[in-house]
Protein chains: 2
Amino acid sequence: MDEIKIKNLSVINNEKGDLLKGFLKSENKAIDVNEVYFTEINPYEIKAWKRHKTMTCNLIAVRGKIKIVIQKKDKNYLTEILSKDNYKMITIPPNFWFGFQCITEEIGLLVNISNEEHNDDEAEQIDINELMFDWN
Amino acid sequence: MDEIKIKNLSVINNEKGDLLKGFLKSENKAIDVNEVYFTEINPYEIKAWKRHKTMTCNLIAVRGKIKIVIQKKDKNYLTEILSKDNYKMITIPPNFWFGFQCITEEIGLLVNISNEEHNDDEAEQIDINELMFDWN
């Protein structure tokens, strides 16, 4: 698996609180889940850029509105606004630079369901200015 | 594994947004993750009672303040208030009745990292009044 994938997820409405579907092994047979963690992004902040050598990230926004930006192989950028109203999982294979931004006044919360446990040696980071992308 | 377990999790502070650690396979070797889903609980609402025949639930509160109530084998109740300030994962093996309540004005969000995909035949539900627990 070496392509970025975007998959629609379901929200099941419930008057006591909605249920947001997420990762299902049967729909993601290639992924053995080894870590699940949660990243908050404070209002209007940007976390960029990161690239993994071996980790595949499966990202779901469960709070707020988060712009995901991924540098594609052709060096153009794929952007997607994730939120409960546009509820999706983005799969980012290794070797793509990506970043994300909280684009509302509400704190954003991004879930990463990944095939590897986090390891600093495996993740590269560069300064936001090292890739030319207009975040505004 | 047939006992309820409560495990402390780490919050890594970051000025752009904190990182909340969650499930690590190396620390939960008995659990193969087959589904990850998210349950919102609206302010002060209660979702109870549910019991699984085969699913083990691993619950983490990533937003708000959520009271988890589990009926133990001795019929007494274990309660725990989960929040980012008391950041933990509760493992509930099959065959325990449990429920949860959002106890603040902020919507609660509970993550379930489970060893099985959801299946209606596997989950039992009874009315809140069928077990004698004082939620107030």
TODO: Please verify whether segment A:89-96 includes one or more residues that are within 13 Å of chain B (Cβ to nearest Cβ), modelled with pLDDT of 95 or more and out of contact with any Ser or Thr (no Cβ under 6 Å at 6 or more places or on another chain).
DONE: yes
- [ ] Give just the number: which of (1) touching an Asp or Glu at 6+ places or on another chain (Cβ under 7 Å); (2) in a loop (DSSP other than H, G, I, E, B) does A:TRP135 not satisfy?
- [x] (1)
- [ ] May I ask you to say which residue of B:LYS29, B:LYS53, B:LYS72 is more than 10 Å from every other protein chain (Cβ to nearest Cβ) and touching a helix residue (DSSP H, G or I) at 6+ places or on another chain (Cβ under 7 Å)?
- [x] B:LYS53
TODO: Could you pull out the residue among B:GLU80, B:GLU122 that is in contact with a Ser or Thr (Cβ under 7 Å, 6 or more places away or on another chain) and charged (D, E, K, R)?
DONE: B:GLU122
- [ ] Mind listing just one residue for me: the one in segment B:2-20 that is in contact with a strand residue (DSSP E or B) (Cβ under 8 Å, 6 or more places away or on another chain), in a loop (DSSP other than H, G, I, E, B) and under 30 Å from B:HIS52 (Cα atoms) and, of those, farthest from the other protein chains (Cβ to nearest Cβ)?
- [x] B:ILE4
- [ ] Mind telling me which of the residues B:ILE92, B:ILE103, B:ILE66 ends up being surrounded by 18 or more Cβ atoms within 10 Å (Cβ to Cβ) and under 18 Å from B:ASP2 (Cβ atoms)?
- [x] B:ILE92
TODO: Would you confirm whether any residue within segment B:109-120 is out of contact with any helix residue (DSSP H, G or I) (no Cβ under 7 Å at 6 or more places or on another chain), more than 10 Å from chain A (Cβ to nearest Cβ), modelled with pLDDT under 95 and surrounded by fewer than 19 Cβ atoms within 10 Å (Cβ to Cβ)?
DONE: yes
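For (1) surrounded by fewer than 20 Cβ atoms within 10 Å (Cβ to Cβ); (2) basic (Lys, Arg); (3) touching a Ser or Thr at 6+ places or on another chain (Cβ under 9 Å), each residue gets a yes or a no:
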residue	(1), (2), (3)
B:ILE6	yes, no, yes
B:ASN13	yes, no, no
B:LYS25	yes, yes, no
B:ALA30	yes, no, yes
Open item on the list: Looking only at segment A:21-34, how many residues end up being in contact (Cβ under 8 Å) with a residue 60 or more places away in the chain, more than 16 Å from the chain's Cα centre (by Cα) and not in a loop (DSSP other than H, G, I, E, B)?
Closed with: 0
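The values are calculated or read from the model by the stated rules, or taken from the named source; none is laboratory data. This structure is a prediction, so every number in the text was calculated from the model and none was measured. Quick reminder, even Gly has a Cβ in these numbers, built from the backbone with ideal geometry, and neighbours come from all protein chains shown.
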